[in-house]
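Report on the following structure.
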Amino acid sequence: MKPWQELDRTRAPGGGVMTLWSRGEEFAIRVDGIELMSSRQHGSEESLAQMACEAVAGRSNVRVLVGGLGMGFTLRAALDALPDDGSVVVAEIVPEVVFWNRKILAPLADSPLEDSRVEVAIRDVARVIQDPAGWDAIMLDVDNGPAAVTRDDNDLLYSVRGLETTRQALREGGVLAVWSVSPNRRFEERLRKAGFLCQTHQVPARTGRKTGSMHTLFMARPREVAAGFSDRAGSAG
């Protein structure tokens, strides 16, 4: 088996060292040695975008926010699911991650940053969320989910106060979709305290797999406009 090779490194916002690695056609991004993402596993990221976009299907001029560029798989799936008049803002706080996606990683997800419907915001997603134009769908794939491991500021994003801000940023009938490496009942409760109804789904980590590693998706709608959206904890999807 080929050894891993470090391709580039930068300083993560929390002070850790973020590195890009490759082994043959496989890529990984790590922070202080902890693997945040791998090109081998992106099925759950695609499911996040597909479910969120399906929830707002039929609207015109859909405006979507993707928090966390990663390797571009969530963004690509959102673009594939949205109509031509839709638009996506992707918020990524690490400029080097954007550079990696434009150059080294671009072929993995068919160069989503080249799509004319995409705007890149090199800013903290917690700031971008507050855009007064509002959002039909907000997808958060930041850190390892609500159990943040690389940035203390991510705890604020996933706090009750942060989630209340997110709820207020959604347009009527909008949806919040959150990716997590594992189930998190405390986060489900925070969503409810922030005024959401929440559904929890377990989805395969890899595209096309029904067994193996599973990741967790939280689909949430503001309680006051969530007609027909049942509140379910721990449901399989």
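Listed values, structure above:
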item	result
Arg223, sole failed condition from (1) on the phi > 0 side of the Ramachandran plot; (2) modelled with pLDDT under 95; (3) surrounded by fewer than 17 Cβ atoms within 10 Å (Cβ to Cβ)	(1)
Filter result for Ser39 (surrounded by fewer than 22 Cβ atoms within 10 Å (Cβ to Cβ), more than 12 Å from the chain's Cα centre (by Cα) and on the phi < 0 side of the Ramachandran plot)	yes
Pairs with Cβ under 9 Å, 6+ apart, first in segment 80-99 and in contact (Cβ under 8 Å) with a residue 12 or more places away in the chain, second crowded, with 22+ Cβ neighbours inside 10 Å and of a type in the set (Asp, Glu)	Gly86/Asp136; Val98/Glu92
Pair list, Cβ < 9 Å and 6+ apart or interchain, from segment 110-131 residues that are over 13 Å from Leu75 (Cα atoms) and in contact (Cβ under 8 Å) with a residue 60 or more places away in the chain to residues that are in a loop (DSSP other than H, G, I, E, B) and of a type in the set (Gly, Ala, Ser)	Val125/Gly68
Helices (runs of 4 or more DSSP H) enclosed by segment 87-176 - at least 2 residues per element that are at pLDDT below 95, surrounded by 19 or more Cβ atoms within 10 Å (Cβ to Cβ) and among the polar types (S, T, N, Q)	none
Flag for Val17 being surrounded by fewer than 21 Cβ atoms within 10 Å (Cβ to Cβ), without any contact (Cβ under 8 Å) to a residue 24 or more places away in the chain and among the β-branched types (Val, Ile, Thr)	yes
Some residue of segment 186-203 being assigned to a loop (DSSP other than H, G, I, E, B) and touching a residue at least 24 places away in the same chain (Cβ under 8 Å)	yes
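The values are calculated or read from the model by the stated rules, or taken from the named source; none is laboratory data. Computed from a prediction, not measured in an experiment: that's the story for all the values here. Don't worry about glycine lacking a Cβ; one is built from the backbone with ideal geometry, like all the others, and counts go over all protein chains shown.
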